[in-house]
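Visitor: I have a structure I would like to understand better, so I am pasting it below and will then ask my questions one at a time.
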C-alpha cells in the first residue's frame, strides 16, 4: 500500500497565502493509472543526453577552475560542491515536481507574481544564450591555441549554427550527436 501526500495551496494576490493544507490519502498500487506514453529515445540515447550534460558541466568548470587556481583547484572545486550541497533538496524538489520545460518559470509562478516569474524566465533565457556563446567561443579559443591560425569568430558562429540546427531537427538527432560525444568522452 502506497501513501501519497498532496499539498494544496490557494493563492490570493492581496493576502499572505499561509502554509496551505495537507491531506493524507492511502492508495493501493492497483488503483494507480498506468502510464501510456511512448518512449521516443532508447536507454543509450537518453542516458547519453544526461551524461553529456553532467560531464560537460563538470569538465568545463573544472578546466576553468584549474586555470585560475592552479594546484589548489581540487580544494576550490570541493568548496563549490560544499557551497551548493545545502541547496540539494531544493534542486530535487524543483526537478521532480517540475520536470517540464520552463521549470524556473513554473516554480516561481507557484510562489511569486507573474511579473517576477516572467522576469526570472527572461533572465534564464539570456543566461542560457550567453552561456552558449561563451562555451562556443572558449571552444574556438582552445582549438585556435591547439591548431594555430583560426578564424575564431567564424568558427564560433558555425558552432552556434550547428547546435541551432540540431535543436530544430529534433530530439532524436540531438540524441545521436550526444551519444557519439559521450562515447568520445569515455575513450
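Visitor: Among the residues of the stretch 160-184, how many are modelled with pLDDT of 90 or more and buried (at least 16 other Cβ atoms within 10 Å of the Cβ)?
Guide: 1
Visitor: Determine which single condition residue 98 fails, assuming it passes every other condition in (1) farther than 30 Å from residue 137 by Cβ; (2) modelled with pLDDT of 70 or more; (3) in contact with a helix residue (DSSP H, G or I) (Cβ under 9 Å, 6 or more places away or on another chain).
Guide: The number of the failed condition is (2).
Visitor: Would you check if there is a residue in the stretch 81-94 being at pLDDT below 75, surrounded by 11 or more Cβ atoms within 10 Å (Cβ to Cβ), in contact with a helix residue (DSSP H, G or I) (Cβ under 8 Å, 6 or more places away or on another chain) and part of a helix (DSSP H, G or I)?
Guide: yes
The values are calculated or read from the model by the stated rules, or taken from the named source; none is laboratory data. Everything quoted here is computed from the prediction, not taken from an experiment. Cβ sites come from the backbone with ideal geometry, for glycine too, and all protein chains shown count toward neighbours.
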